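Readers should treat all values here as calculations from the given coordinates under stated rules, not as data from a laboratory. Quick caveat: nothing in here was measured; it's all calculated off a predicted structure. Heads up, the Cβs are rebuilt from the backbone with ideal geometry, glycines too, and the neighbour counts pull from every protein chain shown.
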Amino acid sequence: MSLREQLCEYGRRAVELGLVIGTSGNLSVRQGELVAVTPSGVALDRLTPEMCPIVDVAGHLVEGELQPSSETPMHLTVYETTDAQAIVHTHSVFGTVVATTMTELPPVHYNALLLGGTVKVAAYATYGTPELAANVRAAMEGKRAALMANHGGVTIGATMEEAFEATRLLEWLCEVYVRGLSVGKPTVLTDEQLNAVVERALNPPTFPRRL
Ligand SMILES: [Zn+2]
């Protein structure tokens, strides 16, 4: 699948799964010095490959008639400072709830380790600004995900599929935490418990074949 086709495919999935509504949310995928990004003002389930602009990592428009997403500066900053090859940004409900009420998402489930443990909420700044990009960069350091105060979430991956699955996981973790808060006080996993999970993952159980 070409970079632009990936944006169409995962844009459709994001709408189908209710992760974005209307023209909110944006995706990008990188190959070398070029980044294909979703255009500004088009719903993610209405994209065609030729609608998706291609920019270089310095932010110059290389191909396409439509303007790149207003959040492109944030995407480019994240590419500059991480090993990301794909980025997904949505205004998903539970992610946005956490981003409007908390300063971080604590690890209440061990799958949070897949995103780097605690997910930080980047300080608020107007959408599309270099200031927001800098805040996201800081919150993303050493992580695969960040939340953006009063805005939404952003995840990275080595592929579009990985970045997209990270967004689904981030939303699931936020939902578990928010729903947990309505029932009681969610228990946060300790560093020791999280280290034990990493240890376990590195040393999976073996099952000798029955003779
Ligand atoms: Zn946004």
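Which percent of the Cα-Cα distances in the chain go past 25 Å?
37 percent
Anyone know which of Q67, Q85, Q193 comes out most mobile in the 10 Å Cα GNM of the chain?
Of the options given, Q193 has the highest mean-square fluctuation.
Rounded to the nearest 500, what is the 222 nm mean residue ellipticity of the chain from helices alone, with -39500 (n - 2.57) per DSSP H run of 4+ residues and division by all residues?
-12000 deg cm²/dmol
Report the far tail of the P(r) of the stretch 1-105, meaning the percent of Cα-Cα pairs longer than 20 Å.
Summing the P(r) of the stretch 1-105 above 20 Å gives 37 percent of all pairs.
May I ask for the distance between the Cα centers of the stretch 8-60 and the stretch 189-211, given as a whole number of Å?
Rounded to whole Å, the Cα centres lie 38 Å apart.
Choose one answer from M102, M160, M74: the residue with the largest mean-square fluctuation in a GNM of the chain with alpha-carbon springs under 10 Å.
Greatest mean-square fluctuation among the candidates belongs to M102.
Nearest 20 debye, what's the magnitude of the dipole of the stretch 66-186 about its Cα centre given +1 on Lys and Arg Cβ and -1 on Asp and Glu Cβ?
Its charge dipole is roughly 360 debye.
Using the number of other C-beta atoms within 10 angstrom as an exposure proxy, rank R168, R30 with the fewest first.
Listed from fewest to most nearby Cβ atoms, that is R168, R30.
When only C-alpha pairs under 8 Å and at least 6 residues apart count, what is the relative contact order of the stretch 1-150, in percent?
Relative contact order of the stretch 1-150: 20 percent.
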